[in-house]
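Contents: one structure, followed by commentary.
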Amino acid sequence: MSQVRRLPPSRYGRFSEDGREFVVTDPRPPRPWANVIANERVGFAISHTGSGFSWIDNSQLAAVTRWQQDLAVDRSGKFLYARDAETGATWSLSPAPVWAPFDHYACRHGFGYTTFESVVHGIEARWTLFCDPVETVELWKVELSDVSGRPRSIEICGFLEWCMGVSPSPRREFQRLFLETWPDSSRRAVLARSRMWDVPSDRYGHWNTGFPYVSAFASTETLTGAQGDKAAFLGRFGDTDAPEALRQSAWTPLFGRHEDPIAALRCRVEIPARAVRALGFVLATAASAEEAGTLVDRFADTGVMDASLSAVRAGWTERLAAHRMETPDPALDAITNDWVRYQAIAARLWARCGHYQQSGAFGFRDQLQDSQVWLTIAPELCRAQVRLHAGRQFVDGSVYHWWHPLTEQGHVTKMTDDLLWLGFVAANFARETGDLSILDDAASYLDEPAPAAVSDHVLRAFRRVFARTSPRGIPLIGAGDWNDGLSAMGVEERGESFWLGQFLAGLLADWSTIWSRVGHGGLSSEFADRRTELVAAINRHGWDGAWYLRGTLDDGRPLGTSADRVARIFLNAQTWAILNDVAPPDRAASCLASIREHLVTDAGALLLAPAFDSPVSEIGYITRYAPGLRENGGVYTHAATWAIAAAAKAGDADLVGRLLTAINPAVKDPDRYFAEPYVLPGNVDGPDSPHHGRGAWSWYTGSAAWLHRVVAEWVLGVRPEWDGLRIEPCLPPGWTKASMVRPWRGSTWEIEIERGPSARLEVDGAPVRGSVIPVPAAPGARRRVRAVF
Ligand code: GLC
């Protein structure tokens, strides 16, 4: 299916021909354009300027290097300096921190690596940063070529500042009192550790334990200098754009427990005229100095680095190969096939980090939803995520809203939807794979060590939600449902959520099916009855006249009503009413018309409108955002993907087309949109902001996994159901065909979809009645599907 089709250029860069790299060519796009690079344990965020930081296991609690989040300046982090030993000319191999006048500059963000290309002062440089696919090492491969035609003597200096703990820290002076650094000259390395980790620990007490890792920063080259103190390196009140040490021929190294801990490693590279020299740096982090040293010994070799980079590239190609789509829109294909899945896996599941947000924690609902990215390509990993989250539930059915791996600190809230996502994702796993044994997977409760089956976890979640239902039969909103910012609506446990009711109605239908398939007829009919009652209650109490209310406050006031001046309509309460068949056909049509009239802008579907313009204590912190920002009347891309699904379900191809174009970062005007053209932002400003259409909070967003699923299942319409694979496309106007290859139930399915005069579905040339392909009796074959609609 692969082809070379033109992707739209951006004013500040372009996609590579295969769409798998974004090449920033102008060092001054409107905002830092970043990459998030990770394996399952270590990673780093890096922008097109070179700024960023590194972590292990938890991007907030276990930051290895320090940086200052500052999107306007973006000149903080780990850098690589070059200096011409003859002329003294100094530059950095990324724009920051020196901002030398490059004759050529490119920053290539790819899957699992970023490469900076530069030409300045007669030296052409390529600096590639990546993590080994498996080991806890970050690798910097450097190639320097002389393009001046004379032999060159170039000093290269790698620089980073140790954090070795929680980041960001408002207590830098406190934190550094516990850090220790030391050189290991035989390894051309400096090492660092911290004797205090400022996280509370049940085991060791509050702030009374050491940071459990040691890092080593090493060069492949013989060192001509190593420095461990920041002021000694920069000079008094110096800055990273012109460190004094680079001009000094000899350094007085300062290591130990009493300095301001950095690592600067200098080496000298002799380059014959027109020749190329390769070198590298390794940042290894492990449980002990010995282990970090062993990693350095293995990886401080440019050949080993090259092999590791090849494995990174091959890994991503293979991971994303099994499920691909082709549509008439090559930009959408590059985003959905590759970039959003890379975003969901690397940034959301592994790194849990973006340039705008360093989380490190697992959000109970967040990473469960993200893990749906594995459903078609590695369903066992989705299943493992379900087990992981099940283990963060209490016996009363409640769950941590989020928890930190490493310390297991968790946040208990009155948030009401979190616990239901376990059943949502487990049901999606079962529907995709047909494998109901996930119900028997075991995980213990936080307050009960004996393992319990996933079905037990899910049932306890349901029972808790059933118990927290208003007298009118609507689930309580507590301290928020999917929308975190509705944080005060129901803290007295009286406020209701119609969206939560709609979400629950879908789950009740799914679990009624599941219970019946595993022989729990009683539960199955109970769930079916509950669904019928819930749908009736939502329709009785939740209809505002032209759309559904969002909920009610503790004092009974409705939210999301045409009677109000602000926040009159909320998106999710309309889209999920359609998606989960809560709305009867006339109301579904009215919801869709209201979405079109009040929420659809060229920047996407707004989460609510009009925005709140002043704080309302009884609603929550959503009202405290400036109008048009994030959940407060912005396009919240996570929810905007559901709007695409709802429009497709309703058969509104025109709206599907508009919303797809609106969400596609590759086709935006960067001077209005600001955010990266290759990944999704969390939010785009709505019309109540002076910057309507401006994207922000990129990378760390639940929309990434969802966009892929929505395009596959709703736009192309290839949707696993309990008894087969439904093919029910809703292609935007102007698309006459699309295709997909995907695994399903042990076979590889090659599906061609085209518009035609009369609807027809064929599998391997044989007609199939209706639009659902039955589960094949014998798996293993390649099957061809032709769907004319
Ligand atoms: C953030 C949270 C997510 C929530 C969303 C909407 O992205 O991580 O859990 O659903 O905001 O408020």
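The values are calculated or read from the model by the stated rules, or taken from the named source; none is laboratory data. Remember, predicted model here, so these are calculated numbers, not experimental data. Backbone-built Cβ (ideal geometry, glycine too); neighbour counts: all protein chains shown. Areas reflect the complete protein model, heavy atoms only, side chains present, ligands, DNA and RNA absent. Shrake-Rupley method; radii C 1.70, N 1.55, O 1.52, S 1.80 Å.
Of the residues in the range 359-375, how many are away from the ligand (no atom under 11 Å from the Cβ) and out of contact with any Phe, Trp or Tyr (no Cβ under 8 Å at 6 or more places or on another chain)? Quick ask: steps written out before the conclusion?
Let us first name the residues in the range 359-375 that are away from the ligand (no atom under 11 Å from the Cβ), namely 360, 371-375.
Imposing the further condition that a residue be out of contact with any Phe, Trp or Tyr (no Cβ under 8 Å at 6 or more places or on another chain) reduces the set to 371, 373-374.
Within the range 359-375, residues that are away from the ligand (no atom under 11 Å from the Cβ) and out of contact with any Phe, Trp or Tyr (no Cβ under 8 Å at 6 or more places or on another chain) number 3.
Taking interchain pairs and intrachain pairs at least six residues apart, which have beta carbon atoms under 7 angstrom, with the first residue in the range 529-545 and among the hydrophobic types (A, V, I, L, M, F, W, C) and the second open to solvent by 40 Å² or more (accessible area, probe 1.4 Å) and part of a helix (DSSP H, G or I)?
Trp543/Arg587
Does the range 677-688 include one or more residues that are more than 27 Å from Ala479 (Cα to Cα), among the aromatic types (Phe, Trp, Tyr) and assigned to a loop (DSSP other than H, G, I, E, B)?
The answer is yes, given that some residue of the range 677-688 is more than 27 Å from Ala479 (Cα to Cα), among the aromatic types (Phe, Trp, Tyr) and assigned to a loop (DSSP other than H, G, I, E, B).
Restricting to the range 360-402, count the residues that are part of a loop (DSSP other than H, G, I, E, B) and touching a Cys at 6+ places or on another chain (Cβ under 6 Å).
Total meeting the criteria: 1.
For the range 664-701, enumerate the residues that are within 16 Å of the ligand (Cβ to nearest atom), of a type in the set (A, V, I, L, M, F, W, C) and either out of contact with any helix residue (DSSP H, G or I) (no Cβ under 9 Å at 6 or more places or on another chain) or open to solvent by 10 Å² or more (accessible area, probe 1.4 Å) (or both).
Ala696, Trp697
Would you confirm whether or not the range 596-604 contains a residue that is away from the ligand (no atom under 16 Å from the Cβ), without any contact (Cβ under 8 Å) to a residue 12 or more places away in the chain and either within 18 Å of Asn483 (Cβ to Cβ) or part of a helix (DSSP H, G or I) (or both)?
Yes: one or more hits.
Could you please find all residues in the range 157-172 being surrounded by 13 or more Cβ atoms within 10 Å (Cβ to Cβ) and in a loop (DSSP other than H, G, I, E, B)?
Val166, Ser167, Pro168, Ser169
Is there a residue being open to solvent by 50 Å² or more (accessible area, probe 1.4 Å), part of a helix (DSSP H, G or I) and polar (S, T, N, Q) anywhere in the range 336-352?
no
Where residues in the range 54-110 are charged (D, E, K, R) and open to solvent by 40 Å² or more (accessible area, probe 1.4 Å), which of them is nearest to Leu406 (Cα to Cα)? Before you say what the answer is, go through the steps one by one.
Residues of the range 54-110 that are charged (D, E, K, R), as a first pass: 57, 66, 70, 74-75, 78, 83-84, 86, 103, 108.
Then keep just the ones that are open to solvent by 40 Å² or more (accessible area, probe 1.4 Å); that gives 70, 75, 83, 86, 103, 108.
Details: Asp70: 27, Arg75: 30, Arg83: 41, Glu86: 49, Asp103: 45, Arg108: 33 Å.
Among those residues, the one meeting the criterion is Asp70.
Output yes when any residue across the range 457-467 is outside any helix (DSSP H, G or I) and either open to solvent by 10 Å² or more (accessible area, probe 1.4 Å) or farther than 16 Å from Phe424 by Cβ (or both), and no when none is.
Within the range 457-467, not a single residue is outside any helix (DSSP H, G or I) and either open to solvent by 10 Å² or more (accessible area, probe 1.4 Å) or farther than 16 Å from Phe424 by Cβ (or both).
Of everything in the range 605-640 that's assigned to a helix (DSSP H, G or I), within 11 Å of the ligand (Cβ to nearest atom) and open to solvent by less than 40 Å² (accessible area, probe 1.4 Å), which residue is nearest to Leu486 (Cα to Cα)?
Among those that are assigned to a helix (DSSP H, G or I), within 11 Å of the ligand (Cβ to nearest atom) and open to solvent by less than 40 Å² (accessible area, probe 1.4 Å), it is Ile622.
Examine the range 6-15 for a residue that is assigned to a strand (DSSP E or B) and either open to solvent by 30 Å² or more (accessible area, probe 1.4 Å) or free of Cβ contacts under 8 Å to residues at least 12 places away in the same chain (or both), and state whether such a residue exists.
Checked against the condition, which is being assigned to a strand (DSSP E or B) and either open to solvent by 30 Å² or more (accessible area, probe 1.4 Å) or free of Cβ contacts under 8 Å to residues at least 12 places away in the same chain (or both), the range 6-15 yields at least one hit.
Looking at the range 509-543 only, could you name the residues that are crowded, with 20+ Cβ neighbours inside 10 Å and either of a type in the set (Phe, Trp, Tyr) or not in a helix (DSSP H, G or I) (or both)?
Trp511, Trp515, Phe527, Gly542
Among the residues of the range 16-45 satisfying the criterion of being under 20 Å from Gln69 (Cβ atoms) and charged (D, E, K, R), which is surrounded by the fewest Cβ atoms within 10 Å (Cβ to Cβ)?
Arg28
Does the range 145-155 contain at least one residue that is under 31 Å from the mean Cα position of the chain (by Cα) and open to solvent by less than 20 Å² (accessible area, probe 1.4 Å)?
Checked against the condition, which is being under 31 Å from the mean Cα position of the chain (by Cα) and open to solvent by less than 20 Å² (accessible area, probe 1.4 Å), the range 145-155 yields no hits at all.
Can we say Val491 is touching a Lys or Arg at 6+ places or on another chain (Cβ under 8 Å), away from the ligand (no atom under 14 Å from the Cβ) and not acidic (Asp, Glu)?
yes
Would you tally the residues in the range 760-779 being surrounded by 10 or more Cβ atoms within 10 Å (Cβ to Cβ) and in a loop (DSSP other than H, G, I, E, B)?
Qualifying residue count, the range 760-779: 7.
Quick check on my filter: what residues within the range 411-456 are at pLDDT below 95 and either among the small types (Gly, Ala, Ser) or open to solvent by less than 20 Å² (accessible area, probe 1.4 Å) (or both)?
If the condition is that a residue be at pLDDT below 95 and either among the small types (Gly, Ala, Ser) or open to solvent by less than 20 Å² (accessible area, probe 1.4 Å) (or both), then Thr416 is the only one that fits.
Does Arg341 meet the test of being among the basic types (Lys, Arg) and within 11 Å of the chain's Cα centre (by Cα)?
Answer is yes for this residue.
Could you go through the range 572-587 and let me know if any residue there is surrounded by fewer than 24 Cβ atoms within 10 Å (Cβ to Cβ), in contact with a Ser or Thr (Cβ under 9 Å, 6 or more places away or on another chain) and not aliphatic (A, V, I, L, M).
no
Restricting to the range 738-756, name every residue that is within 18 Å of Gly657 (Cα to Cα) and either surrounded by 16 or more Cβ atoms within 10 Å (Cβ to Cβ) or under 26 Å from the mean Cα position of the chain (by Cα) (or both).
Let us first name the residues in the range 738-756 that are within 18 Å of Gly657 (Cα to Cα), namely 738-739, 753-755.
Hits for the range 738-756 are Ala738, Ser739, Ile753, Glu754.
In the list Ala106, Ala125, which residue meets the criterion of being in a strand (DSSP E or B) and out of contact with any Leu (no Cβ under 6 Å at 6 or more places or on another chain)?
That would be Ala106, the only listed residue that is in a strand (DSSP E or B) and out of contact with any Leu (no Cβ under 6 Å at 6 or more places or on another chain).
With respect to Ala218, is the statement that it is touching a helix residue (DSSP H, G or I) at 6+ places or on another chain (Cβ under 6 Å) and not charged (D, E, K, R) true? If you could, list the steps in order and put the result at the bottom.
Working: touching a helix residue (DSSP H, G or I) at 6+ places or on another chain (Cβ under 6 Å): yes; not charged (D, E, K, R): yes.
Taking the combined requirement at face value, the residue satisfies it.
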